[in-house]
1. Do any GluC sites (Glu not before Pro) in segment 83-176 lie in a loop, going by DSSP, with at most 11 other beta-carbon atoms within 10 Å of their beta carbon, and if so which?
2. Rounded to the nearest 500, what is the 222 nm mean residue ellipticity of the chain from helices alone, with -39500 (n - 2.57) per DSSP H run of 4+ residues and division by all residues?
3. Mind listing which chymotrypsin sites (Phe, Trp or Tyr not before Pro) in segment 47-151 are in a DSSP loop and have 16 or fewer other Cβ atoms within 10 Å?
4. Quick check on segment 1-101: take the gyration tensor over C-alpha atoms, sort the square-rooted eigenvalues as a ≥ b ≥ c, and tell me if it's rounded (a/c under 1.5), prolate or oblate.
5. Which whole-Hz ³J(HN,Hα) couplings does segment 146-160 yield from phi under the Karplus relation 6.51 cos²θ - 1.76 cosθ + 1.60, θ = phi - 60°, glycine and proline marked x?
6. Could you state how much accessible area ASP108 has, in square angstrom rounded to the nearest 10, with a 1.4 Å probe and all protein chains kept in place?
7. Could you give me the percent of Cα pairs per 5 Å distance bin for the chain, shortest bin first, beginning at zero and ending with the bin that holds the maximum distance?
8. First check a/c for segment 77-180, with a ≥ b ≥ c the square roots of the eigenvalues of its C-alpha gyration tensor; if it is under 1.5, answer rounded, and if not, answer prolate when a/b is larger than b/c or oblate otherwise.
Amino acid sequence: CSNIVRWPVEELRCLPRLRRLSISYCSKLEGKGSSSEEEEILPLPQLETLYIGYCDSLLQIPKLPASLEEIEISWCTSLLALPSNLGDLAKLRNLRVSSCGALKELPDGMDGLTSLERLEIGDCPGIERFPQGLLQRLPALKYLRIYRCPDLQRRCREGGEYFNLVASIPYKDIEAPEPAP
């Protein structure tokens, strides 16, 4: 849908029982909601799975419903930040963020992701570190994958400041950072 510029919040209100939502190839979607006064929340109280991909103009994602269990955000090359309430999603089990080159950091408050089992971050070279104390506060984390994020990879590998924190995660796939050209 190349004609969507804003999140279709009003239209989504008509789908209160929706469980899966995929938004892809919306090249003009910037992400501002219909009301600019306050940050909106997606009005989907039963949403469990959200995929957002290949939305090149996307700058921001609204607040997300607490029902979410799985989120994938990929190939949103202009995305500046993840949703501000990401850390409030206590049911979230899987989070994958990839190929979002403008993304510079993970939001603070992610330590509220007490059900998070799987975290993948890839091809987001601007993400250099985890929020303070994050790795100590993800009790359910079983799988961590990091690739094409050189600073984050260095910190998680042997000798890095996060190495002891990731050592207890049962399944890890942390690529060695490529040498600088």
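The values are calculated or read from the model by the stated rules, or taken from the named source; none is laboratory data. Because the structure is a prediction, the values reported are computed rather than measured. Note: ideal-geometry Cβ built from the backbone for every residue, glycine included; neighbour counts use all protein chains shown. These area figures cover heavy atoms from the full protein model, side chains too; ligands, DNA and RNA do not enter into them. Shrake-Rupley method; radii C 1.70, N 1.55, O 1.52, S 1.80 Å.
1. GLU158, GLU161
2. Values: 3 runs with 15 residues, N = 181.
Here the helix-only value at 222 nm equals -1500 deg cm²/dmol.
3. Passing sites in segment 47-151 are TYR54.
4. Rounded.
5. 9, 8, 6, 9, x, 5, 5, 4, 4, 5, 8, 8, 3, x, x
6. ASP108 exposes around 120 Å² with every protein chain in place.
7. That works out to 1, 8, 16, 21, 21, 14, 9, 6, 3, 1, 0, in percent per bin.
8. oblate
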